[in-house]
Amino acid sequence: MKLTNRDFLFAVLCLLIAMVTIQSGASIAKQLFPLVGPEGTTAYRLGFSALILCLVFRPWRHIPANKQSILVYGLCLGGMNITFYYAIERIPLGIGVALEFTGPLAVALFASKRKRDYIWVLFALLGIVLLLPDMSAADGLDPIGVLLALIAGACWAGYILFGKKTGNQGSGGTTVALGMSVAAIAVVPIGVASQGSALLNWELIPLGIMIGILSSALPYSLEMVALRNMPAQGFSIMMSLEPAIAALAGFIILGELLSLWQWLAIFMVIIASVGSSLATSKAH
């Protein structure tokens, strides 16, 4: 099927909306941390996302043969969510997303066999190094938060690798719904054990549903529409803007101010992400 300019522009719009909603959802989620903690907030996100996606895609009708890949994919998804929420409890949202991007960057760069592509590794490392000096200052970054964001990035890498394996066996919607269900089964009990009856607060449940829709159900659906209407390279380059969008969402919704060095670090990661996307496209 030949894609028209109109298709491409529609895909760009869908992807921009997806990135804005997912980072807005993360900003709203961070405001729930004092009430139900990162564990309870993750339980809301994964639980309601799994419920919504299962109702939409009814994945039980087409369960892939390789159930082990689905299991690992879902566990990576759950691990990515809870460690990322633990991270942004301690560090600004934009910085958390920039550090988490090391996961997909590593996947893209390890897939490349050309030595000159390692210049993008240098850009990513420079971005991280620019953030590290701030950890020693009194008002600097929390080192545990930085480490948790990097662990979330490692989970993201696993999510991508095993998502590809499971995605080849069925539709994208079925894969996401099954993975989200596994993640919910693994993580929701942690939230319940940690927060107990606080999760049943009727004032918080609508916010939990909103987080589930904004952070997962809506953006994942929009991303699938975008992927069908634009080349994979364009999709990857557009996704590279996510750390900047996260930083803007953190500023507008949470009032999180970043220093000039921190903005420079985020843009270093974005450059690395765009470069690796172009490199991976040329390699194929």
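Annotations for the structure displayed:
- The single condition among (1) farther than 18 Å from ASP117 by Cα; (2) modelled with pLDDT under 90 that ILE270 does not meet is (1).
- Sole residue being at pLDDT 90 or above, open to solvent by 20 Å² or more (accessible area, probe 1.4 Å), in a helix (DSSP H, G or I) and farther than 27 Å from GLN68 by Cβ, chosen from LEU278, LEU218, LEU214, LEU222: LEU214
- In the stretch 125-147, of all residues being surrounded by fewer than 23 Cβ atoms within 10 Å (Cβ to Cβ) and of a type in the set (Gly, Ala, Ser), the one that is modelled with the highest pLDDT corresponds to GLY145.
Listed here are the residues, each with its yes/no results for (1) closer than 21 Å to LEU35 by Cα; (2) charged (D, E, K, R); (3) in contact with a strand residue (DSSP E or B) (Cβ under 6 Å, 6 or more places away or on another chain).
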{"residue": "PRO206", "(1), (2), (3)": "yes, no, no"}
{"residue": "ILE209", "(1), (2), (3)": "yes, no, no"}
{"residue": "GLY212", "(1), (2), (3)": "yes, no, no"}
{"residue": "MET238", "(1), (2), (3)": "no, no, no"}
{"residue": "GLU242", "(1), (2), (3)": "no, yes, no"}
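- The numbered conditions (1) among the small types (Gly, Ala, Ser); (2) at pLDDT below 85; (3) under 17 Å from the mean Cα position of the chain (by Cα) are all true for ALA249 except (2).
- Pairs, first in contact (Cβ under 8 Å) with a residue 60 or more places away in the chain and closer than 11 Å to ILE82 by Cα in the stretch 183-195, second among the acidic types (Asp, Glu) and buried (at least 16 other Cβ atoms within 10 Å of the Cβ), C-beta under 9 Å, six or more apart: VAL187/GLU39; ILE190/GLU39; GLY191/GLU39
- In the stretch 79-86, the condition of being touching a residue at least 24 places away in the same chain (Cβ under 8 Å), among the polar types (S, T, N, Q) and more than 25 Å from ALA226 (Cβ to Cβ) is met by at least one residue.
- Counted residues, the stretch 86-119 - those being at pLDDT 75 or above and open to solvent by less than 60 Å² (accessible area, probe 1.4 Å): 19
- Residue in the stretch 30-68 that is nearest to GLY173 (Cα to Cα), counting only those that are surrounded by fewer than 22 Cβ atoms within 10 Å (Cβ to Cβ) and polar (S, T, N, Q): ASN66
- Positions within the stretch 196-211 being open to solvent by 40 Å² or more (accessible area, probe 1.4 Å), in a helix (DSSP H, G or I) and either in contact (Cβ under 8 Å) with a residue 60 or more places away in the chain or under 14 Å from LEU13 (Cα atoms) (or both), in sequence order: LEU207, ILE209, MET210
- The residues of the stretch 225-253 that are open to solvent by 40 Å² or more (accessible area, probe 1.4 Å), in a helix (DSSP H, G or I) and more than 23 Å from GLY47 (Cβ to Cβ), listed by number, are LEU227, ARG228, ALA232, GLN233, SER236, ILE237, LEU248, PHE251, ILE252.
- Figure legend. Inter-residue proximity from the stretch 31-50: first residues under 12 Å from SER181 (Cα atoms), second residues in a helix (DSSP H, G or I) and open to solvent by 20 Å² or more (accessible area, probe 1.4 Å), beta-carbon distance below 6 Å, spacing 6+ or different chains. Indicated pairs: ALA43/VAL188; GLY47/VAL188; PHE48/ILE209; ALA50/SER181.
The values are calculated or read from the model by the stated rules, or taken from the named source; none is laboratory data. Small disclaimer: the values here were computed from a predicted structure and weren't measured. When we count neighbours, we look across all protein chains shown, and the Cβ atoms used for this are built from the backbone with ideal geometry, even at glycine. Ligands, DNA and RNA are excluded from the accessible area calculation, which covers all protein heavy atoms including side chains. Shrake-Rupley method; radii C 1.70, N 1.55, O 1.52, S 1.80 Å.
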